[in-house]
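Working notes, beginning with the structure itself.
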Amino acid sequence: MSMTSSNSDIVQKLWNLCDVLRDDGINYSDYVTELVLLLFIKMVHENSEAGLLSEHTMPIGCRWGDLSDKDGINLLNDYKNILMTLSTGKRREVDPEDPKNTIEKTVVTDPLILAIYADAQTRLREPRHLKQLIKSLDSINWFDAQKDGLGDLYEGLLEKNANETKSGAGQYFTPRALIDSIVRCVKPKAGELIQDPAAGTAGFLISAHKYIKDNTDELYDLTGQNGLPTREDQIKKNYIGVELVPNTRRLALMNCLLNGIEGGKDGAIQLGNALGEAGVNLKKANVILANPPFGTSKGGDASITRKDLTYPTSNKQLAFLQHIYRNLKAGGRAAVVLPDNVLFEAGVGTDIRRDLMNKCNLNTILRLPTGIFYAAGVKTNVLFFTKGSETDKLQEENCTKNTWVYDLRTNMPSFGKRTPFGEQHLKPFEAVYNIVLAERKEGEWSFVSDTQNGNKDTSRWKCFSRKYISETKGDSLDISWVKDADSVDAADLGTPEELAGEAMTELKGALADLEALVKSLGSEKKSGVKG
């Protein structure tokens, strides 16, 4: 996803409101959750004003107009009451037959709104801060935002939050460039059941939906004929995610609705643990896209309680991998982001990899560069595989014949704020992946070949047979062959003048960043905004 300049500007304005929330004692980790409770009411108002939202509107008394013209303690109290109403579906009102008493009246019947605002409450304490937030949201050019898509704007805010608070939001946020690239490779189709058992903020489902929209004339081709679903069935039945954390699920439900995915009556994202009962109850899918959380099971809600896994393990990624390939329909496709340890862990790890390669065609492994996720040192990969026939026992026991590996890690830049990871870094991989289901010949698709000495092993793209993986690697999938430039002789690193020039370029860039920060702080001080 790439944002327009107008939406990018709006995202920055929204992010700057963190100063207001910080002054009220709200930290970065809670910032977006706090803001979107108010922001979603505004976005629903803007969508309704533009005639783009016929369903899922806010009830009378809980709309933007019920807040924007109030002040003081009445404003804060009314906002708290609105959140309570949206959370419970009920509001206390004066009994018309006995004005001395109050009655509880049901005012919210939309289950999706109730799901979005489940247990919602504000931590704001100062009415003036709430008023400042409302004024700031009213000052935004929502016409431009609407034109560019409120869904894209909301996605941009989530991305900004993940980039700025990597120890918190980043752990459930997969880089958009990577998500979109994976989706373009997997090519989801209208009518297919698409799942993400570790949904986070629903980035994979939304990217799949956008891909399908692009290939069905914004869903207008979906008339229920020629084997295609109706538009309504597509947005209500064909996307499902599972998310363990309630506040993250809230963000995901809002994200889905603003991007046109409604899901079932409670939305497209279930609250639950895919490694528990929620995963057992999921229907088998045509497409599964996921970036499961890193780490091991340590009890609590996130523990692995599935009793139906063939290979019990405390490693959450290995458990998720089992769930994913088991939950695919025959012929179903999956792409899953996994850390390196899944590729080489011995014992049960070997059993699971062997089972995966038996039941599925593990056609491709993409070795990702470091530094693109919240934990800078984590090394990750994307595994692409297709489920074999569940009725052909021979095929089920020998699905993988060859696995192609693309090394996007060795000799890549150190990614971060100064060197962002983007679509351009993934395009070479996509170019060769497009022949993933066609016949691949060794060396034919070399992408970085050394023409001077003819060494084909400098190619980032290489094929490995199932026999090689079994007999030579012991069913480890930790496969690399490209020589790391860091291991070359010091003489090959460049002259002192070249190294000094590179250092000077870095220092100039850092100085420019510092000057921009000082200028920004000076502007805030002049306008009376605390930094």
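Here are a few things to note about the model shown:
- The string of couplings for region 207-221 from the Karplus curve (6.51, -1.76, 1.60, θ = phi - 60°) is 5, 4, 5, 5, 4, 5, 4, 5, 9, 9, 6, 6, 6, 5, 6 Hz, one whole number per residue in order, with x for Gly and Pro.
- What the phi angles of region 247-256 give under the Karplus curve with 6.51, -1.76 and 1.60, with θ = phi - 60°, is a coupling list of 5, 5, 4, 4, 4, 5, 4, 4, 4, 4 Hz, glycine and proline written as x.
- In nm, spacing of pseudo-spin labels at residue 344 and residue 223 (7 Å Cα→C-beta vector): 5.7 nm
- Built amide H within the under 5 Å cut-off of residue 332, gap 5+: 387
- Positive dipole terminus of region 5-152, leading residue within 96, 114, 74 (C-beta point charges): 74
- If the chain linking residue 80 and residue 19 were pulled fully straight, counting 0.36 nm for each residue of separation and taking away their Cα-Cα distance, it would gain 19.9 nm.
- Alpha-carbon centroid distance for the pair region 182-211 / region 60-117, whole angstrom: 36 Å
- Computed from point charges on the beta carbon alone (+1 for Lys and Arg, -1 for Asp and Glu), the dipole magnitude for region 218-364 about its Cα centre is near 280 Debye.
- Fraction in percent of alpha-carbon pairs per bin - 10 Å, region 5-152: 10, 38, 37, 12, 3, 0
- Toward the positive end of the charge dipole of region 191-481, with +1 on the Cβ of Lys and Arg and -1 on the Cβ of Asp and Glu, the farthest Cα among 402, 320, 389 is that of 320.
- Once both labels are positioned 7 Å from their Cα atoms along Cα-to-Cβ, the gap between residue 95 and residue 135 label points is 4.2 nm.
- Relative contact order (percent, whole number), region 191-481, Cα cutoff 8 Å, 6+ residue spacing: 13 percent
- Computing FRET efficiency as 1/(1 + (r/R0)^6) for residue 465 and residue 284, where r is the C-beta to C-beta distance and R0 is 51 Å, gives about 0.95.
- Label point distance in nm, residue 128-residue 419, each placed 7 Å from Cα along Cα→Cβ: 4.7 nm
- Scattering profile of region 191-481 at q = 0.07, 0.12 Å⁻¹ [log10 I(q)/I(0), Debye over alpha-carbon scatterers]: -0.27, -0.84
- Per-residue 3J(HN,Hα) values for region 34-42, derived from phi via the Karplus relation 6.51 cos²θ - 1.76 cosθ + 1.60 with θ = phi - 60°, read 5, 5, 6, 4, 7, 4, 5, 4, 5 Hz in sequence order (x marks Gly and Pro).
- Pair-distance profile P(r), taking every C-alpha pair of region 40-90, with 10 angstrom steps and integer %: 24, 53, 22, 1
No value in this document is a laboratory result; all are computed from the given coordinates. Being a predicted model, the structure only gives us computed values, none of them experimental. All Cβ positions, glycine included, derive from the backbone under ideal geometry; neighbour counts span all protein chains shown.
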